[in-house]
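One structure is given here, and the rest of the page talks about it.
Where a number appears in this text, it was derived from the coordinates with a stated rule and is not lab data. Everything numeric here is computed off the predicted structure, so don't read it as measured data. Cβ: placed from backbone, ideal geometry, glycine included. Neighbour counts: every protein chain shown.
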Amino acid sequence: MGNKRVKDESESFAFNLRGVLIIVAVISAFSLPFHSWDEAFRVVVYNFLTSVSLWLANGYPSYFIDKRISWVEEPRKRLLTGLGAFFIFNLIAIFAVNSFAYTTLDNREFDFVKMITTPWFQGASVIQLAISFLVSVVIHTLSFWREWKSSVLEVERLRAERMTRQFESLKDQLNPHFLFNSLNALSSLVYESPELSDKFIQRLSSIYRYLLDTQEREVVDFSEEIEFTRSYVFLQKIRFGDNLKVEEDLGMNTGWMIPPLSIQLLVENAIKHNLVSKENPLTIKIETKDNRLFVSNNIQRRPSGKESTGKGLDNIRQRFLFLSGRQVEISDDGTEFTVGVPLLEIEYSE
């Protein structure tokens, strides 16, 4: 595969070279006032050799440097190497072509000092160097743009893969901890209320069914996610009773999408980092406004001494930025903590 890619690039480079040579030859044949066919022949050959030399002196060095030095990883080294190659190869190419024209096409005897002091030789060299510089700028600019574009696409691909791994990790963390706490609550509930135990098991089953159904999906319908969150809240209220209050103000939200587990993770975050007791009841509000979803809670941090790593919020922030290009809003006024996420258009659905 790698050899095929190099071959394709080489063929593309050669094709471009042939095109340039044909164009230069045609222009040379019809744009200059020739006095004889012999003069026309010499001018065409001279321009043809000049175009070949300058193209090779700029194209192939750039091609080989690109294979060894990256614009993205070593920009300064790449620029200095390109400049060095430009002067070395172009001066050699210009001297060789003009020496050939001076001695062979004009039938003059080779005399180095006399040749380089000839006004024609000096003028032609300056013009060729200027043209070559413009050609070099174009070639190196295209080289930089191609590598930059490729690196951006690679970064996006790696970021998407990283977010997928992080999301899978979060779900893996949810599974054992959440299941352990749920089974503990269920073990006590079985003897107290068989009817409530049945509802508890149904909700727990729906939660894991949702996890299985959404594990390959980037976004889900908002109504699915909010129903999943309600099942999660139901189980948490069995555990905390009236000490945990969840209020909803959702309005009409049909047609919106959201990454799976987004709302549930925000609710879980609030429960995880705050006291939930009779003396300190926790109130969580879930509401929509201006095409955004807001999850807020009163602040009463646990006296555990452990600071939040912020991985959950960072994961949510990156997922929404990747999917919509919009930022997640986070505010903390000392008494209330709020996270606002953008609701995604239906077109994000797979």
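Here are some notes:
- Projected label points at Asp106 and Thr338, each 7 Å from Cα along the beta carbon direction, are separated by 8.1 nanometres.
- Treating r as the C-beta distance of Val126 and Glu156 and R0 as 35 Å, the FRET efficiency rounds to 0.20.
- Taking the square roots of five times each eigenvalue of the Cα gyration tensor of segment 193-348, the equivalent ellipsoid has semi-axes of 24, 21, 14 Å, listed largest first.
- Applying a threshold of 32 Å to the alpha-carbon distances of Lys237/Lys289; Lys149/Lys272; Lys245/Lys289 flags Lys149/Lys272 as lying beyond it.
- Distance-filtered residues of segment 250-285 - backbone nitrogen under 20 Å, label point 7 angstrom along Arg239 Cα→Cβ: 261-285
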